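Note sheet for the following structure.
Derivation of every value follows stated rules applied to the coordinates shown; laboratory data play no part. Since we're looking at a predicted model, the values are computed, not measured. No Cβ is skipped: glycine too gets one built from the backbone with ideal geometry, and neighbour counts run over all protein chains shown.
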Amino acid sequence: MIAKETKLKGCFILEPMVFEDSRGYFFESFNQNTFNKLIGQHIDFIQDNESFSVKGTLRGLHFQNGEFAQAKLVRVVKGSVLDIAVDIRKDSDTFGEYVSLELSEDNKTQLFIPCGFAHGFVVLSDTAIFSYKCDNFYNKKAESGIIYNDEDLKIDWKLNQEELVISEKDLKLPPFEKAIL
């Protein structure tokens with residue numbers, strides 16, 4: 001596996017070694033020792049989540065506050081998504097900046113998103129299965145988020161507004177400025 005740190009400190013793109021032959025392919029999607037060595041810290045993932053979504057589904061931008069903050073390792077099992085991680089660490093040099101990356105079943109790329117980031121994705125393919133590991137349990141009282149079309153962040157979601165499928169809950173998320181108080 002190869003790890004490349006993004007412009008956002010602590011946020012890494014992970015590319016696995018894929019072995020293909022006439023039967024198909026094999027790759028190691030996660031190895032605790034290798035992962036910790038590549039990112040230079042020890043992360044214990046304690047929960048795996050998976051979602052299925054149709055084209056245009058936009059989930060995010062979500063994060064957990066305080067002691068319930070979560071680091072995530074995300075990947076796509078089927079289909080393709082545009083994945084977004086926003087740095088919400090107030091003491092960071094890249095506070096308010098984001099990385100945008102296409103994750104797909106074809107590229108098998110993963111993104112490690114440390115604590116202190118908001119996260120979201122939009123489905124680019126007809127359907128997608130999105131899988132992610134978390135290092136902390138979900139806590140409803142600690143959940144928060146940022147509206148997907150925040151005027152300060154100016155995220156290009158690569159789809160037209162009329163193509164987006166967004167939950168009522170996500171449509172009510174506050175702007176960046178209010179979400180990170």
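Put in line by how crowded their Cβ is, counting other Cβ atoms within 10 Å and starting with the fewest, His62, His42 read His42, His62. List the relative contact order of segment 44-179 as a percent without decimals, with contacts defined as Cα pairs under 8 Å and 6+ residues apart. After rounding, I find 38 percent.
At 222 nm, what helix-only mean residue ellipticity would the chain give, in deg cm²/dmol to the nearest 500, using -39500 (n - 2.57) for each DSSP H run of four or more?
-2000 deg cm²/dmol
State whether segment 81-181 is rounded, prolate or oblate according to the following rule on the C-alpha gyration tensor (a ≥ b ≥ c being the square roots of its eigenvalues): a/c under 1.5 gives rounded; otherwise a/b larger than b/c gives prolate, and the remaining case gives oblate. Judged from the Cα gyration tensor, segment 81-181 comes out rounded (a/c under 1.5). Summarising the amide proton neighbourhood of Lys72: residues at separation of 5 or more, or on other chains, whose placed amide H is nearer than 5 Å comprise Ile113.
Across segment 56-134, the convex hull enclosing all Cα atoms gives 79 Å³ per residue. Here's how it looks for Val165: its modeled amide H is under 5 Å from those of Thr57, Leu58, which are all 5 or more places away or on a different chain. Taking other Cβ atoms within 10 Å as a rough exposure proxy, Arg23, Arg59, Arg75, Arg89 sort from fewest to most as Arg23, Arg89, Arg59, Arg75.
Note on Lys9: lysines with a C-alpha under 28 Å away, same-chain residues under 8 apart excluded, are Lys37, Lys72, Lys90, Lys108, Lys133, Lys140, Lys141, Lys154, Lys158, Lys178.
Principal semi-axes of the equivalent ellipsoid, √(5λ) from the alpha carbon gyration tensor of the chain, are 25, 21, 14 Å from largest down. Once backbone amide H atoms are built at 1.01 Å from N, Arg89 has Gly96 as its partners under 5 Å, excluding neighbours fewer than 5 places away on the same chain. Phi angles of segment 82-88 translate, via the Karplus equation with coefficients 6.51, -1.76, 1.60 and θ = phi - 60°, into HN-Hα couplings of 9, 9, 10, 10, 10, 6, 10 Hz per residue; Gly and Pro are given as x.
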